[in-house]
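Trainee: Have a look at this one before I ask anything.
The values are calculated or read from the model by the stated rules, or taken from the named source; none is laboratory data. Predicted model, so just to flag it, every value in this text is computed and none were measured. No Cβ is skipped: glycine too gets one built from the backbone with ideal geometry, and neighbour counts run over all protein chains shown.
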Amino acid sequence: MKQNRVRIYEQGSPSVLRYEQAAIGAPGPGQVRLRHDAIGLNFVDSMFRDGSFGVSLPFDLGVEGAGVIEAVGGGVENLGVGDRVAYYFTPGAYADVRLIDAEFLMKLPDDVSTDLAAALTTKGLTAWMLLKRVHPIRQGEFVLVQGASGGVGSLVSRWAKALGATVIAAVSSPAKAADVRSHGIEHVLASNDPDFTATVLAITDGRGVDVVFEFVGKATIKQSVQALRTGGHLVHVGSASGLPVSKDTSSLAARRIRYTQPSTPQYVNSRSNLNAASSELFAAFRAGVFGEIDPARYRLSDVVRSHEDMAARRITGPAILIP
């Protein structure tokens, strides 16, 4: 049997992505063969591709997918042929069909499509980790989201508001600002506004925000620190504009600002954690917290363009690859 997959043999620009065909066998003990309906496109994929994270080459890209089980290996319990499933953070997702250990899979509720699962699971679990574990949101807090139009940033903004926070969303273009406002976020600022800090202080009655969720990195982290109140929390999640040159740890300490750089696998690291987190995530979706989720769609064979658009920050909200 053949699979179509995306593999890299060197790290670098999107041009290193190779869409190729390879043989795939039957599932071994504890495995299933999964036919993807949709594959999540995540910023972390670009970090594996460009060398931000070291990998053993060759390397199969992608960490998230959803589809239908078409074969089951020995010893697999509670899953069978025809089951609709999804997974997060298991490399090798950029393929139309793959082998995967059954322990990483979760059955999808009837009201969650495979397209939605591929668009929402990894990003939504990251949002859950940030808002429920890293900095549990309290009613009345001020929250700044840098990169609020991105896949995770958009979910964090909407969920934080639903949890009772006043959200200040920072974006890089008027088109992204219009999209964020359309989802009910009242305070939307241009990240390059020279009066950014003054505007944040005005919104917060001179106090500063309680927490910043930083998805942009180098281009915005300085203003994120300036926007925080004394004793606030800087949560550095991503660096879409590049890694900060350095962190001014002395000024952070002087203002008692707590700096954390969490990752989702630190908090979603067991079957019980995954079940609890995904249950809360899908409950929030059903409650309308995220509004309508209509991910940008790319063909898997057009993966180079998808990474070019991701690098140029042309994608608003979640995106998926379709085999």
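Trainee: Mind checking which residues of segment 120-179 are among the hydroxyl-bearing types (Ser, Thr, Tyr) and assigned to a helix (DSSP H, G or I)? Show your work before the answer.
Mentor: Start the filter on segment 120-179 by keeping residues that are among the hydroxyl-bearing types (Ser, Thr, Tyr), which leaves 121-122, 126, 149, 154, 157, 166, 172-173.
Correct list: 121, 122, 126, 154, 157.
Trainee: Can you name the condition, by its number, that residue 77 falls short on among (1) at pLDDT 95 or above; (2) farther than 19 Å from residue 122 by Cα; (3) more than 20 Å from the chain's Cα centre (by Cα)?
Mentor: Every listed condition holds for residue 77 apart from (1).
Trainee: Yes or no: segment 101-108 includes at least one residue that is free of Cβ contacts under 8 Å to residues at least 60 places away in the same chain, over 30 Å from residue 30 (Cα atoms) and in a loop (DSSP other than H, G, I, E, B).
Mentor: Keep residues of segment 101-108 that are free of Cβ contacts under 8 Å to residues at least 60 places away in the same chain, which gives 104, 107-108.
Okay, now just the ones that are also over 30 Å from residue 30 (Cα atoms), so none.
No: zero hits.
Each row is one residue, and each column tells you yes or no for (1) in contact (Cβ under 8 Å) with a residue 60 or more places away in the chain; (2) out of contact with any Asp or Glu (no Cβ under 9 Å at 6 or more places or on another chain).
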{"residue": "232", "(1), (2)": "no, no"}
{"residue": "242", "(1), (2)": "no, yes"}
{"residue": "269", "(1), (2)": "no, yes"}
{"residue": "277", "(1), (2)": "yes, yes"}
{"residue": "294", "(1), (2)": "no, yes"}
{"residue": "310", "(1), (2)": "yes, no"}
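Trainee: Still on this structure, please answer the following. Given 131, 61, 144, which one is assigned by TED's automatic domain parsing to the domain that holds residue 243 and either touching a residue at least 60 places away in the same chain (Cβ under 8 Å) or touching a strand residue (DSSP E or B) at 6+ places or on another chain (Cβ under 9 Å) (or both)?
Mentor: Details: 131 fails: assigned by TED's automatic domain parsing to the domain that holds residue 243; 61 fails: assigned by TED's automatic domain parsing to the domain that holds residue 243.
After ruling out the rest, the residue left standing is 144.
Trainee: A further question on this structure: So residue 151 fits all but one of (1) crowded, with 24+ Cβ neighbours inside 10 Å; (2) at pLDDT 95 or above; (3) not hydroxyl-bearing (Ser, Thr, Tyr); what number is the exception?
Mentor: Of everything listed in (1) crowded, with 24+ Cβ neighbours inside 10 Å; (2) at pLDDT 95 or above; (3) not hydroxyl-bearing (Ser, Thr, Tyr), residue 151 misses just condition (2).
Trainee: May I pose another question? Among the residues in segment 259-275, are any over 26 Å from residue 61 (Cα atoms) and either not assigned by TED's automatic domain parsing to the domain that holds residue 95 or not in a helix (DSSP H, G or I) (or both)?
Mentor: The initial filter retains those residues of segment 259-275 that are over 26 Å from residue 61 (Cα atoms), namely 259-260, 272.
Narrowing further to those that are either not assigned by TED's automatic domain parsing to the domain that holds residue 95 or not in a helix (DSSP H, G or I) (or both): 259-260.
Checking segment 259-275: at least one residue is over 26 Å from residue 61 (Cα atoms) and either not assigned by TED's automatic domain parsing to the domain that holds residue 95 or not in a helix (DSSP H, G or I) (or both).
Trainee: On the given criteria, is residue 238 assigned by TED's automatic domain parsing to the domain that holds residue 174, in a loop (DSSP other than H, G, I, E, B) and in contact with a strand residue (DSSP E or B) (Cβ under 8 Å, 6 or more places away or on another chain)? Explain how you work it out, then say what you get.
Mentor: Values: assigned by TED's automatic domain parsing to the domain that holds residue 174: yes; in a loop (DSSP other than H, G, I, E, B): yes; in contact with a strand residue (DSSP E or B) (Cβ under 8 Å, 6 or more places away or on another chain): yes.
Yes; evaluated as a whole, the condition is true for this residue.
Trainee: In segment 17-68, how many residues are among the β-branched types (Val, Ile, Thr) and in a helix (DSSP H, G or I)? Please lay out each step first, then the result.
Mentor: Taking segment 17-68 first, the residues among the β-branched types (Val, Ile, Thr) are 24, 32, 39, 44, 55, 63, 68.
From what's left, in a helix (DSSP H, G or I): 44.
So the count comes out to 1.
Trainee: Go through (1) under 18 Å from residue 125 (Cα atoms); (2) in a helix (DSSP H, G or I); (3) more than 16 Å from the chain's Cα centre (by Cα); (4) touching a residue at least 24 places away in the same chain (Cβ under 8 Å) for residue 304 and report which single condition fails.
Mentor: Evaluating residue 304 over (1) under 18 Å from residue 125 (Cα atoms); (2) in a helix (DSSP H, G or I); (3) more than 16 Å from the chain's Cα centre (by Cα); (4) touching a residue at least 24 places away in the same chain (Cβ under 8 Å) leaves (1) as the failure.
Trainee: Just to check your reading of the model, which residue among 97, 152 is touching a Phe, Trp or Tyr at 6+ places or on another chain (Cβ under 7 Å) and in contact (Cβ under 8 Å) with a residue 60 or more places away in the chain?
Mentor: Details: 97 fails: touching a Phe, Trp or Tyr at 6+ places or on another chain (Cβ under 7 Å).
Checking each option against the conditions leaves just 152.
Trainee: Run residue 179 past the list (1) closer than 19 Å to residue 252 by Cα; (2) modelled with pLDDT under 95 and report the number of the one that doesn't hold.
Mentor: (1)
Matching residues to (1) at pLDDT 95 or above; (2) buried (at least 18 other Cβ atoms within 10 Å of the Cβ):
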| site | (1), (2) |
| --- | --- |
| 229 | yes, yes |
| 232 | yes, yes |
| 237 | no, yes |
| 250 | no, no |
| 265 | no, no |
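Trainee: When the residues of segment 185-204 are narrowed to those that are assigned to a loop (DSSP other than H, G, I, E, B) and without any contact (Cβ under 8 Å) to a residue 40 or more places away in the chain, which ends up nearest to residue 312 (Cα to Cα)? Spell out how you get there, then give the answer.
Mentor: Our first condition is that a residue be assigned to a loop (DSSP other than H, G, I, E, B); within segment 185-204, this holds for 185-186, 191-195, 204.
Subset that is without any contact (Cβ under 8 Å) to a residue 40 or more places away in the chain: 185-186, 192-195.
Values: 185: 24, 186: 26, 192: 16, 193: 20, 194: 22, 195: 25 Å.
Once the filter is applied, the top-ranked residue is 192.
Trainee: Could we say that residue 207 is at pLDDT 90 or above, part of a loop (DSSP other than H, G, I, E, B) and over 18 Å from the mean Cα position of the chain (by Cα) here? Reasoning before the result, please.
Mentor: Numbers: at pLDDT 90 or above: yes; part of a loop (DSSP other than H, G, I, E, B): yes; over 18 Å from the mean Cα position of the chain (by Cα): yes.
So residue 207 fits the description; yes.
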